[in-house]
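The values are calculated or read from the model by the stated rules, or taken from the named source; none is laboratory data. Every value quoted in this text rests on a predicted model; they were computed, and no experiment measured them. Just the protein is used for accessible areas: all its heavy atoms, side chains included, with ligands, DNA and RNA removed. Shrake-Rupley method; radii C 1.70, N 1.55, O 1.52, S 1.80 Å.
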Amino acid sequence: MSPRPYNLGARTASVAETREKVVGAARRLFAEAGFHRVSLDEIARRADVARATVYHQFGSKLGVLGAVVEDYEQRAGLAALAELVETGPVATLVRDVVTAGCAYWSTDPALARSIVAFAVTDPQAADLLARHDAGRLGLLTRMVDRLAPPDPERALDALWLVTGFAAYDDLTRGRGLTTAAAAALLSDLADRAVRGPAD
């Protein structure tokens, strides 16, 4: 029997393991030093692989950043958050989604801060973040459709504001709130905005 299928499987596993090592190394370096201060050479050294391996798998430092963003989304449970938007009970949907959103950002706030800062100065990174934001806007639009508030645009604007990283970071880092306390405050604000002004 030919060993080829086994060899292909072993090679696939090796490639995946190398990719995971590179993404993990880049994630830590970006969080520690920021994107601009980190080179492909440093990423390769931290991952204990050749620079050519990093270049071959990712193409560029921006390619590594894209993989890091995807890894963040997986670790933070983006799929579960999207499922919550679609199937969560409408009666508690605002609080549930805002709370899950805060938990999402709490996965790695230093990394999120670094990526947001880099996107301010680099158009390609800004495009990468814009694609992430477009996904968030799609989820929030679906959420507003399910909630059917009296003023959908106002509700969408409020949800956009309270589910962004800046709101979470301002409260947890700027004001020293725990993630739970930040989620409670942002949920209250979002709930009032979605319900509309009192009669």
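Quick rundown of the values:
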item: Length added when fully stretched, residue 141-residue 87, from 0.36 nm per residue minus Cα-Cα; result: 18.0 nm
item: Unit Cα scatterers, Debye sum, region 1-144: log10 I(q)/I(0) for q = 0.10, 0.19 Å⁻¹; result: -0.44, -1.09
item: Percent breakdown of C-alpha pair distances by 5 Å bin, ordered from the shortest bin, for region 75-126; result: 5, 19, 21, 16, 16, 13, 8, 3, 0
item: Span per principal axis, largest first, for the Cα atoms of region 21-64 (Å); result: 24, 19, 14
item: Sum of -39500 (n - 2.57) over DSSP H runs of 4+, divided by residues of the chain (222 nm, nearest 500); result: -26000 deg cm²/dmol
item: Accessible surface, the chain, averaged per residue in Å² (probe 1.4 Å); result: 56 Å²
item: Residue-span extension gain [residue 50 to residue 17] - 0.36 nm each, minus C-alpha spacing; result: 10.5 nm
